[in-house]
Amino acid sequence: MKKALIPILLVLLLTLAFTSCDASLENITEFMGGFSDNVYIDSGLIEADLGAAEGVTDVTVAIGTSSGTTGTATVATSTLDASKKTISTSTFGIDIEVDVDSGDLSDGTLSIIAPQSKEEQEEYATDIAEAISSPKNLDKFKVDMAKDVTPEQKNTAKASVTVFNASITAIADDITDPDIKAAIEEMKFDPITDEDELTQGDMAVLQLMTNLVSNTVAAAKNDSGDIDDSVITEEKAMDILSEALFTAKVAEELSGISTINFSGDLIDGLMGLAGDGKATSRTADDEPGESLQGIEDSIGLDTLNTLVPKIVKVMGITGSGENHAYELKDYRSFLRKQKVYLASLNQAVAFYSEGRLSLEERKKVNVGTLVKYFLAFMTTTIDDYYQNYDVYNSESFPYESMAEAYQEFMNDNEKLSAGNLSMEKDPPDTLDIAVMKEIFGGMGDYLQSAGMQSKLENLVERIKVLVEISGFENADLNELLDELPTTIEEWFAEDEE
């Protein structure tokens, strides 16, 4: 029987790799703590403006309305396959015509979110940067971005995502560079349904992603007006990388992940272990599971006790003891921002060119970025498995959503919820992973059939590039990253009978 994947703990695997080589601890800690959170203010490029959040809100509430920047797309029955619809648009700066499944599309014209002008993009990005770099502005920014969209905005967002995804398919088909092609293909949004509850923050990231795709097309367009990625200059690539890093930062703020101080909490855990002389190299038996020994020997239970309750909270899961609750709206919103965060960083990695990044750009990537990137990969992949659960399992998913499964996991592990798991007791505390064993029986088949092998390989390579972008050089770290699982067999080893 295959071992269960423990989604809440998988985010810690990267950290386990960081701590498996004792000689690297000092250098890694320097990497984790050497960067500022407010890089925009610290760089001197931006001075805090208390009106910035107001400016962001004014623009955002107009997105998807007649007052915002809009474009059009036409929908018609395909001449090649009457069961499909042909979507045509020039909104992204190039003529696009692609067939898609009909779904609930009807022939006619769709009003969609269009890329902002260069001047509008610069002004919007500047206001957002100022808002997220000033504590006073940040509070207002988050409150305003959490407000519900209007019916007009939702209708436009729904149409925009449909056209956006179709356009991504067409654009990726013309890209020859495998890294850029893969990154662009992974920029697609989940379709917006009538049941989805969108916020102004969703409109903001949809606008930023629309701008990013449009600018990517512009960078890859040749003199004939066709997509040709061979014309992408180093300067244009760096512009796309910088924009992608900024978009990821905004998604990070809106998802709530930015409130978790991964770097600080991990530093505390690592330094505590170093001071106690408890950090040891991992062995095959030192894996997160029902026993806590592997965690105690690697990152320490204090780190686990601190981070996991914070992670599930930003997922929309709150409460204590056996009485956790979740808000599905908050969980879905969290996932949407996580997908944008992941896609943006993938885009940044694809356009990275060594040696052309300023110090301020490098400051935007540190170990917190790596852990958050890994978390985004795991949460979005696991939710996609949930969406396709019936295909890979003989029974229906036993919970309303993955959020409810996470809720039950926390209810089953009161001490983890309270942050007081301990190995000092007799007997020592353990983790109850029954919920995860129940739902992950078919995930091995899902990963194989979904072509996840290449995604797992890309995950490791992209993390290596993010480390390189940060400017942190450590041969031991690259070797440890090579040990991250990249095959189905490594993720799903067989249990001993």
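Just so you know, all these numbers are worked out from the coordinates, no wet-lab data involved. Source: prediction; values computed, not measured. Note that each Cβ is placed from the backbone with ideal geometry, even for glycine, and that neighbours are counted across all protein chains shown.
Please say if the range 52-173 is rounded, prolate or oblate, where rounded means a/c under 1.5 for a ≥ b ≥ c the square roots of the C-alpha gyration tensor eigenvalues, and otherwise the choice is prolate for a/b larger than b/c and oblate otherwise?
Prolate, because a/c is 1.5 or more and a/b exceeds b/c.
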Per its Cα gyration tensor (rounded if a/c is under 1.5, else prolate when a/b beats b/c, else oblate), the range 113-225 is best filed as oblate
In whole Å, how far is the Cα centre of the range 45-108 from that of the range 396-431?
-> 42
Count charges around N215 for me, please; just the other residues with Cβ under 10 Å from its Cβ, Lys/Arg as +1, Asp/Glu as -1.
-> 0
Full-extension gain in nm, A434 to A146, via 0.36 nm per residue minus C-alpha separation = 100.2 nm
Using a ≥ b ≥ c from the Cα gyration tensor of the range 167-268 (square roots of the eigenvalues), is it rounded, prolate or oblate, where a/c under 1.5 gives rounded and otherwise the larger of a/b and b/c decides, a/b for prolate?
-> oblate
Surpassing 21 Å at the alpha-carbon level, of the pairs K372/K455; K118/K372; K339/K364; K118/K339; K329/K364; K142/K313, are K118/K372; K118/K339; K329/K364
